[in-house]
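> Please read through the structure below; I'll follow up with questions.
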């Protein structure tokens, strides 16, 4: 991707002086001055809402134009979950200056998006919630920005909250800058107080609170214009990849040097210098508000989208034919979690989805890996199965849910962390995470106890105001698999847990898994109220009456530690004296309905999640009970009847 641009930014005290020499110039377009910046923050600290207000107050929308809230979150999953999943570009104009703004994801699982985006910008707005303060993802995104030489603008947002503590949060942010080894220039960051929802930002808490003019002015004053090579051959890195029904593959990135024109010939260089393809730029698209507008010519420094290339992917270099070497690409943190994606070979396979073959699943996963550098795909040792590695359960869960909505059918194995061998000592190491929890004081004991069982080491505990306690742990990533729902139950839904990849440390030992066994259907058919009423005393049920089941499907959780095979389709025998309506008196406890992420976190190694467009089911890996027994004995190293020792 783009070479680090920020180490040679203009010295703000000596305008026009460039550390890289006189051959560089600012954006050569005489029509418009330009700034490229990203908005970075922890999840739910108000990035997308602030962008909404920037769009409105810059005049991008008409006064009477109806615009959806969080207009940048156009993906259905983003709107449903209330989070940003994909980074998106927009552009506004303020007093003759074009501002290319990139809204980035806030969740740690989508950190790969943030890392790529920072290669395209010269500045950043760090948004911090005035009540929650500095959280793990704040540390992550700020660390990446500082490492690239960016001098962020700090905005303490949501100061209108009743529990806001803006001045304390300001001190926390300064301490975070210092702990991340910020330079003296970076430590001297400008700061504003703001309310993104109300649409104002001011330098002091007692400001007029009228609009975002103070933020616009600060961006223009503080963020440097792009430092570019206007006379060199055209070259840019592909930083974002998406698919359009009309234009096909669209690649977005910043032009590092030269000028691009419609229909100009280009070649694509891989990181090793080999030519991936040659072609022409059939479409050049510049950003204007929420739209991409076709243009005939774009210059170095601008962020644009390109159509017309069929094999180019991230982070290839798109360049003029006489460009000899590719642009450098930034390294991305490796994935830490993997799941196995398999074809749905259950009895109901192919009945509810349209895309069910291994070839269709493979093609879709490869396409995903092209546009998401944080995901790795490889063939599994199992038949018709693929290992998909990513940053976390949420990232892979979003991919599975997206495929489900695209009419795919597949089965998913239990998540597992990716171990490694220390290159110096040869010791086995596993990924650890920094976990920060905010809980009511009454629940601190149970949270500390549960996480200690999962090999967590407490680093800090302090009151955070409002009767809450903030606790910081370092713990193995595998200890967090399946814990979040238990955490919410233990804290009565009031606890907040945030996590961030910490690094690889020595293997922490065995962690106790799920204590309860499963209730497994031993027949095919549809569940009956009569059968489920008799079974509910055995444990928690997962299915309603009338649900389709088959042999090997898990219909509930056993109250004991072992698995139990049951008949959930049993019907009541009819007699001559049976009273009409008598079965209506059988009251069932509402079943536990699991979301996709909950189901994936719940399963054990010998279980799978069956995902179809209309259902999420949990089943045993081996449906036949005799096969299950054989594989269980083999896993325990015991002799299997009929097989050689």
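Derivation of every value follows stated rules applied to the coordinates shown; laboratory data play no part. These numbers were taken from a predicted model, which means no experiment stands behind them. Counting neighbours? That spans all protein chains shown, and the Cβs are built from the backbone with ideal geometry, glycine included.
> Can you give the calculated 222 nm mean residue ellipticity of the chain, where each DSSP H run of n ≥ 4 adds -39,500 (n - 2.57) and the sum is split over every residue, rounded to the nearest 500 deg cm²/dmol?
-6000 deg cm²/dmol
> Same structure, new question: Mind pulling the angle between the C-alpha long axis of helix 136-147 and the longest principal axis of the chain? Nearest 10 degrees, somewhere in 0 to 90.
30 degrees
> Turning to a different aspect of this structure: Report the label-to-label distance for residue 534 and residue 310 in nanometres (one decimal), using points 7 Å from each Cα along the Cα→Cβ vector.
Each label point lies 7 Å from its Cα, and together they span 6.2 nm.
> Could you pull out which residues in the range 583-622 have an amide N less than 15 Å from a spot 7 Å beyond the Cα of residue 380, following the Cα-Cβ vector?
Taking a point 7 Å out along Cα→Cβ of residue 380, the residues of the range 583-622 whose backbone N falls under 15 Å are 600-601, 603-612, 618-622.
> Using the Kirkwood radius built from alpha carbon pairs, what does the Stokes-Einstein equation give as D for the range 143-252 at 10 °C and 1.306 mPa s, in µm² per second?
Working: Rh = 17.0 Å.
Answer, rounded: 93 µm²/s.
> Compute the angle between helix 393-405 and the longest alpha-carbon principal axis of the chain, please, reported from 0 to 90 degrees and rounded to the nearest 10.
Tilt relative to the chain: about 80 degrees.
> Here's a follow-up. Would you mind calculating the gained length between residue 514 and residue 264 on full extension (0.36 nm times residue separation, minus the Cα-Cα distance), in nm to one decimal?
Going from the current span to full extension adds 84.0 nm.
> Order by neighbour count: 181, 302, fewest other Cβ atoms within 10 Å first, most last.
181, 302
> Follow-up. When ranked by the protection proxy of mean other Cβ atoms within 10 Å per residue, highest first, what sequence do the peptides 120-128, 379-387 form?
Most protected by this proxy first, the peptides run 120-128, 379-387.
> Place a label point 7 angstrom from the Cα of residue 324 along the Cα-to-Cβ direction, then list the residues of the range 260-290 whose backbone nitrogen is under 19 Å away.
The answer is 267-276.
> Same structure, new question: Based only on other Cβ atoms within 10 Å, what is the fewest-to-most ordering of 424, 597? Can you show the working numbers first?
On the way: 424 6, 597 18.
Listing 424, 597 from fewest to most nearby Cβ atoms yields 424, 597.
> Let me ask something else. In whole Å, how far is the Cα centre of the range 382-400 from that of the range 149-165?
Going from one Cα centre to the other spans 35 Å.
> For the chain, report the translational diffusion coefficient in µm²/s to the nearest whole number, using Stokes-Einstein at 20 °C, 1.002 mPa s, and a Kirkwood Rh over Cα pairs. Provide the component values of the computation, followed by the final result.
Numbers: Rh = 27.3 Å.
Value of D from the Cα-based Kirkwood radius: 78 µm²/s.
> Taking 0.36 nm per intervening residue step and subtracting the Cα-Cα distance, what contour gain separates residue 188 from residue 614 on full extension?
Fully extending the segment from residue 188 to residue 614 adds 148.0 nm.
> By counting other Cβ atoms within 10 Å of each Cβ, how are 535, 180 ranked from fewest to most?
Working: 535 21, 180 15.
Lowest count first: 180, 535.
> Given the C-alpha centroids of the range 482-515 and the range 192-264, what is the distance between them in whole angstrom?
37 Å
> If you stretched the chain out fully between residue 277 and residue 419, how much longer would it get, using 0.36 nm times the residue separation minus the C-alpha to C-alpha distance?
Going from the current span to full extension adds 47.5 nm.
> Please give the helix 358-371 orientation as an angle from the longest Cα principal axis of the chain, in degrees from 0 to 90, rounded to the nearest 10.
The answer is roughly 30 degrees.
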